[in-house]
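S.K.: Here it is, the structure, as structure tokens.
The values are calculated or read from the model by the stated rules, or taken from the named source; none is laboratory data. Keep in mind that what you see is a predicted model, and the values were worked out from it rather than measured. Cβ placement follows ideal geometry from the backbone for every residue including glycine, while neighbour counts extend to all protein chains displayed.
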Amino acid sequence: MPARADAAAIRAVAILGATATGKSDLAVDLALIFNGEVVSMDSRQVYRGLDVGTGKTSAAARRGVPHHLIDILDPTEPVSAGLHAALAEAAVRAIAARGRVPILAGGTGLYFRALFGGLVAVSIPRERLAAIRESFSGRATTALHAELAARDPVRARALSPNDRVRVTRALELIAYTGVSASGLYRRQGADANPASGIVYLKIVLTMPREALRERVARRTRELFDAGWPGEVARLLATGVPVDAPAMHSLGYADLAAALGAGESPESRFERIVTATRQYAKRQETFFRSEPDAVWIDVSTAGARREVERLVAAFLGRAEAQ
């Protein structure tokens, strides 16, 4: 629970966690109980047309609860953590102004951190940045990740060995400041945005590792059966290029490659399951560094009731019956 909060502060509930832990359904349930609206914190659900593969909550599953930051961009438009944070904060303030409870839900840790005020604010001079980036030229992303693992193992564990953008950003920070990226996050995270006037109850959903692995495989099968390959085919048919920002979403590039090569999408199923499991592991690693978060094992009896109790106490209300 947050240590202290001004009585006049906006109170918002943040539901974080790895993929397939039930964040979206829980957010809707809480919104119905506590008169709330949901703000998506998923970096892929902002895109129109990416419905099945992103696990986007359907209109029926929303059960009348207003949802924000879903379907706001075309697949070719870029989005950043900073932009999303600004939009999310605006949504939180608007929801609170209507006398309702903002409930944020998603698994994109960097977007949450940007909203909470924990992104590293370091501006590297253009000439220095160019020189640093030149030193990365010609080196494989996996090799750069190995270097990061040696110099900042905490940050390296939170990143995919193939995530060149974030791996190189972490190495840039080290090269310029002499301090690890994880160290900078710790220094700036707690007090980076003290004047926001918003206090968050952070609840991280989790479950035993093997249970999560099984759930990821089952959920991926459900997405395939629900028409994920067909969704990718339709995106490509409407002119969305394979290198569009939206197509970098987990699984979409693999399915696009299979379709482009005339292969069965099913040939990429196990690859996508493995990649999703790896992503879920990185998500949990990332969230473990989030201060003041309450972890809830959703596989245990009474987990949902415990979440409701936490939210009721945070909002200063009687527990839901």
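S.K.: Out of curiosity, is Arg98 of a type in the set (Lys, Arg) and over 30 Å from His68 (Cβ atoms)?
M.R.: no
S.K.: Still on this structure, please answer the following. Taking the stated definitions as given, is Leu201 out of contact with any Ser or Thr (no Cβ under 8 Å at 6 or more places or on another chain), surrounded by 20 or more Cβ atoms within 10 Å (Cβ to Cβ) and assigned to a strand (DSSP E or B)?
M.R.: Yes.
S.K.: Step by step: first the residues of region 19-57, then only those that are assigned to a helix (DSSP H, G or I) and among the hydrophobic types (A, V, I, L, M, F, W, C), then the one that is farthest from Arg221 (Cα to Cα). Which residue is that?
M.R.: Out of the qualifying residues, it is Phe34.
S.K.: Among Ala12, Ala8, which is the only one that is surrounded by fewer than 23 Cβ atoms within 10 Å (Cβ to Cβ), on the phi < 0 side of the Ramachandran plot and of a type in the set (Gly, Ala, Ser)?
M.R.: Ala8
S.K.: OK, next. So if I check each of Val65, Val39, which one is assigned by TED's automatic domain parsing to the domain that holds Val79, of a type outside the set (Lys, Arg) and touching a His at 6+ places or on another chain (Cβ under 8 Å)?
M.R.: Exactly one residue qualifies, and that residue is Val39.
S.K.: Additional query: Based on this model, can you work out whether Asp71 counts as more than 19 Å from the chain's Cα centre (by Cα) and of a type in the set (Asp, Glu)?
M.R.: It is false that Asp71 is more than 19 Å from the chain's Cα centre (by Cα) and of a type in the set (Asp, Glu).
Here is a yes/no grid of residues against (1) of a type in the set (D, E, K, R); (2) under 19 Å from the mean Cα position of the chain (by Cα); (3) under 14 Å from Gly17 (Cα atoms):
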{"position": "Val216", "(1), (2), (3)": "no, yes, yes"}
{"position": "Ala226", "(1), (2), (3)": "no, no, no"}
{"position": "Val232", "(1), (2), (3)": "no, no, no"}
{"position": "Thr238", "(1), (2), (3)": "no, no, no"}
{"position": "Ile272", "(1), (2), (3)": "no, yes, no"}
{"position": "Phe287", "(1), (2), (3)": "no, yes, yes"}
{"position": "Glu290", "(1), (2), (3)": "yes, yes, yes"}
{"position": "Ala293", "(1), (2), (3)": "no, yes, yes"}
{"position": "Glu308", "(1), (2), (3)": "yes, no, no"}
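S.K.: What single numbered condition from (1) within 19 Å of the chain's Cα centre (by Cα); (2) in contact (Cβ under 8 Å) with a residue 60 or more places away in the chain; (3) within 26 Å of Leu310 (Cβ to Cβ) fails to hold for Ala88?
M.R.: (2)
S.K.: Let me confirm something: among Gly17, Gly64, Gly49, which residue is at pLDDT 95 or above, in contact with a helix residue (DSSP H, G or I) (Cβ under 9 Å, 6 or more places away or on another chain) and buried (at least 24 other Cβ atoms within 10 Å of the Cβ)?
M.R.: The unique qualifying residue is Gly17.
Listed here are the residues, each with its yes/no results for (1) within 30 Å of Ile15 (Cα to Cα); (2) in a loop (DSSP other than H, G, I, E, B); (3) without any contact (Cβ under 8 Å) to a residue 40 or more places away in the chain.
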site: His84; (1), (2), (3): yes, no, no
site: Pro102; (1), (2), (3): yes, no, no
site: Leu144; (1), (2), (3): no, no, yes
site: Leu159; (1), (2), (3): yes, yes, no
site: Asn162; (1), (2), (3): yes, yes, yes
site: Glu172; (1), (2), (3): no, no, no
